[in-house]
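Undergrad: Got a structure for you, questions after.
The values are calculated or read from the model by the stated rules, or taken from the named source; none is laboratory data. Small disclaimer: the values here were computed from a predicted structure and weren't measured. Counting neighbours? That spans all protein chains shown, and the Cβs are built from the backbone with ideal geometry, glycine included. What goes into the accessible areas is simple: the full protein's heavy atoms, side chains included, and nothing from ligands, DNA or RNA. Shrake-Rupley method; radii C 1.70, N 1.55, O 1.52, S 1.80 Å.
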Amino acid sequence: MTNTFDGKYPTFAELLQRDGNLAGTSWGLFSGESRGTPSFISPQAVLQARDCIRTGTAFGLDYAADAFDPGMSLKRSAPRHTIYSSHAAHRDDYLDGYYLQGSTQIDGLRHRRADDVGFYNGTPDDLVREGTPELGIQEWSEAPIVGRGVLVDLEGYRSAQGAPIHHAHGEPLALDLIESALAAQSVTLRPGDILMLHTGWCEWFLSLSHRHKQELRESRRATGIAQSEEFVAWAWDNQLALVAADNFAVECLPAVPDSPFKHTAPNDHGMMHQQLLAKLGMPLGELWKLGPLSRHMRAAGNWDALVSIKPLNIIGATGSPANATALV
C-alpha cells in the first residue's frame, strides 16, 4: 500500500522530537486551535471526494438513539422520548436522559485529557466546562467534517480467510490486519481521509439477548484496534482526518497487556484515546452503522464514499451523535 504523505506536516517520528509537553502532539500545527486533524481535509480533497459518488445512493451511518439499551457503557442509558400536545392540531416532543455518546457518536477533543500533558493544545482545565466554547463539538457543527470516507471491511477480510473475528472474546485487531485488508481491497489512503473500520461488532452485539448484552457489559470486553504506538504513528502519517468504527470504543477493551500507554494514560488503563484525541486532535467515531454500507461496497467493488459528519451544535459538548451520511 502506498503512503501518500505529502510532507507538509512533520512525521510522527518528528512529532516525538518536539520539546517538552509538545512531544508527540500536533499542538499548534493547525490554523484552528480546536479543529484538530479534520484540518487535513483540504478544499481540493472535498472536491475530489465528489468522484466517490457513483450511484447516487445515500447511507445513514447512525443507529437509533436508543439502539444500545443496554449497551456496553456502565453509565449511559437510553433516552426517554415524550410526545405532547397543546391542542388537537399540535404535537411536540423532547428527550430526557439523553447521553450524547450513548449511540452512534463522534468523540470531541474535550472527551479526553492526557494524564501527562492535559487537554488538546494546552487548553486549561478550568475552561473545559459547560458554557465555554474551547474544544467544543460545535467546531465541527459550524464547519462540518466532509471528505472522502474509506471503508475497511475487516469482517469480510477475516471471514474470507476462514478466521472470523471473535467478538465474544473482545478480540484485539492489529494494525497489520488493517493494512492487509486495505491491500486486499486495492485501496490507497489519501491525506484527509475519513477511515471507517467495519468489524461487524455492532450487528453482532445488537443480535444478542438482553441477558447476554448485560453479561458482556459486565465483562468489559469488546473488539477493537489493539493499542500500539505503530497504529498512532500510522494514523498520523497517513493524515487521517478521523477514525471511526462499528464497535464500542474504536480500540479494544480492555487494553492489550503490553499497551505502551499504560504509564502515560493510567486513568484510561493504557488505551489510545488520550494519544489520539488529546495529543493529536484526531476525532474518533464509535458505534457507527457500517454493515449496510459495507455490503453495498463489496457488491459494487468500490470502497470509498463522500462522507458528511455534522455533530449537534451544542456549545462545549464533549461528544455528539455523528449525524453521518455516506454518498456512494
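Undergrad: Using Cα pairs under 8 angstrom and six or more residues apart, how large is the relative contact order of region 225-302, in percent?
TA: Rounded, it is 37 percent for region 225-302.
Undergrad: Could you calculate the contour length gain from residue 229 to residue 80, that is, 0.36 nm times the residue separation minus the distance between their Cα atoms, to one decimal place in nm?
TA: Length gained, residue 229 through residue 80: 49.6 nm.
Undergrad: What percentages make up the Cα-Cα pair-distance distribution of region 61-220 when the bins are 10 Å wide from 0?
TA: So the P(r) values, bin by bin, are 8, 24, 32, 27, 8, 2, 0.
Undergrad: Sum up the lysine pairs in the chain that clear both bars: alpha-carbon distance under 30 Å and a spacing of 8 or more or different chains.
TA: 14
Undergrad: To the nearest µm²/s, what D does Stokes-Einstein give for region 1-84 at 37 °C and 0.692 mPa s, using the Kirkwood radius over alpha carbon pairs as Rh?
TA: Here the translational diffusion coefficient equals 182 µm²/s.
Undergrad: Let me ask another. If you stretched the chain out fully between residue 208 and residue 42, how much longer would it get, using 0.36 nm times the residue separation minus the C-alpha to C-alpha distance?
TA: Value of the extension gain: 55.6 nm.
Undergrad: What value, in deg cm²/dmol to 500, does the helix sum -39500 (n - 2.57) over DSSP H runs of n ≥ 4 give at 222 nm once divided by the residues of the chain?
TA: One gets -5500 deg cm²/dmol as the mean residue ellipticity at 222 nm.
Undergrad: Ok, one more. Need one number: nm distance between label points at residue 16 and residue 115, each 7 Å from Cα along Cα→Cβ, rounded to one decimal.
TA: A separation of 2.0 nm, rounded to one decimal place.
Undergrad: Next question. Convert each backbone phi in region 129-143 into a coupling constant with the Karplus relation 6.51 cos²θ - 1.76 cosθ + 1.60 (shift: θ = phi - 60°), then list the ³J(HN,Hα) values in order as whole Hz, x for Gly and Pro.
TA: 7, 4, x, 9, x, 3, 6, x, 5, 4, 4, 8, 8, 5, 10
Undergrad: Hey, how much of the P(r) for region 190-328 falls beyond 25 Å, as a percent of Cα pairs?
TA: 32
Undergrad: Moving to a separate point now. Which of the listed residues, 28, 266, 81, is farthest toward the dipole's positive end in the chain, when Lys, Arg count +1 and Asp, Glu count -1 at the beta-carbon?
TA: Positive-end residue among those listed: 81.
Undergrad: Another one. Could you size up the charge dipole of the chain around its Cα centre, putting +1 on the beta carbon of Lys and Arg and -1 on that of Asp and Glu, and report it in debye to the nearest 20? Don't skip to the end; give the middle numbers.
TA: Values: 27 positive and 38 negative charges, 131 e Å.
The dipole of the chain has a size of about 640 debye.
Undergrad: Sticking with this one: Of the DSSP beta bridges with both residues in the chain, give the percent that are antiparallel, rounding to the nearest 5.
TA: 65
Undergrad: Could you derive backbone 3J(HN,Hα) for region 221-226 from the dihedral phi with the Karplus parameters 6.51, -1.76 and 1.60 (θ = phi - 60°), listing whole Hz in sequence and x where the residue is Gly or Pro?
TA: 10, 8, 4, x, 5, 5
Undergrad: Still on this structure, please answer the following. In whole percent, what relative contact order does the chain give with Cα contacts below 8 Å and a gap of six or more residues?
TA: 31
Undergrad: Another question, then. Quick check: net charge around residue 259, other residues with Cβ under 10 Å of its Cβ, Lys/Arg +1 and Asp/Glu -1? Intermediate results must be reported in sequence, preceding the final value.
TA: Details: positive: 262; negative: 229, 251, 258, 268.
Once positives and negatives cancel, what remains is -3.
Undergrad: Sticking with this one: Give me, ordered by chain and number, the residues 5 or more places off residue 149 or on other chains with an amide H under 5 Å from its own placed amide H.
TA: 194, 305, 306, 307
Undergrad: Then there is this: Please build a GNM for the chain, connecting alpha carbons under 10 Å apart, and tell me which residue among 287, 175, 95 fluctuates the most.
TA: Sorting by GNM fluctuation, first place goes to 95.
Undergrad: So if we plug the beta-carbon distance of residue 312 and residue 57 into 1/(1 + (r/R0)^6) with R0 = 30 Å, what FRET efficiency do we get, rounded to 0.05?
TA: The pair residue 312/residue 57 has a calculated efficiency of 0.75.
Undergrad: To continue, here is another question. What number, in percent, do you get for the relative contact order of region 73-143 if the mean sequence gap of Cα pairs under 8 Å and at least 6 apart is divided by its residue count?
TA: It comes to 22 percent, rounded to a whole number.
Undergrad: Considering the chain as a Gaussian network with a 10 Å cut-off on Cα pairs, which listed residue, 194, 225, 53, attains the greatest mean-square fluctuation?
TA: Maximum among the listed residues: 53.
Undergrad: In nm², what is the average projected area of the convex hull enclosing the Cα atoms of region 72-152?
TA: Reported value for the Cα convex hull: 9.8 nm².
Undergrad: Under a 1.4 Å probe, what is the accessible area of the chain per residue, stated in Å²?
TA: 43
Undergrad: Restricting attention to region 140-245, which trypsin sites (Lys or Arg not before Pro) occupy a DSSP loop and are surrounded by at most 15 other Cβ atoms within 10 Å?
TA: Qualifying residues, ordered by number: 220.
Undergrad: Taking the chain as a Gaussian network, Cα atoms linked when under 10 Å apart, which of 103, 86, 207 shows the biggest mean-square fluctuation?
TA: Fluctuation is largest for 86.
Undergrad: How long are the three semi-axes of the equivalent ellipsoid of the chain, in whole Å, if each is the root of 5 times an eigenvalue of the C-alpha gyration tensor, listed from largest down?
TA: 27, 25, 22
Undergrad: Translational D (Stokes-Einstein, µm²/s) of region 170-240 at 37 °C and 0.692 mPa s when Rh comes from the Kirkwood sum over C-alpha pairs? Please list the in-between numbers first.
TA: On the way: Rh = 14.1 Å.
Taking Rh from Cα pairs, D becomes 233 µm²/s.
Undergrad: Which value, in Å² rounded to 10, gives the accessible area of residue 159 with a 1.4 Å probe and all protein chains present?
TA: 60
Undergrad: Measure off, as a whole percent, the carbon and sulfur share of the 1.4 Å-probe accessible area of the chain, all protein chains present. Mind showing how you got there, number by number?
TA: On the way: 7080 of 14210 Å².
Ligands and nucleic acids excluded, carbon and sulfur give 50 percent.
Undergrad: Largest first, what is the accessible-area ranking of 215, 130 with a 1.4 Å probe? Present the calculation step by step, with values, prior to reporting the outcome.
TA: Values: 215 90, 130 165 Å².
So the residues, ranked largest to smallest area, are 130, 215.
Undergrad: Pop out the ³J(HN,Hα) list for region 278-293 in order, Karplus 6.51 cos²θ - 1.76 cosθ + 1.60 with θ = phi - 60°, rounded to Hz; leave Gly and Pro as x.
TA: Result, ordered by residue: 7, 9, 9, x, 9, x, 10, x, 10, 6, 6, 8, 10, x, x, 5 Hz.
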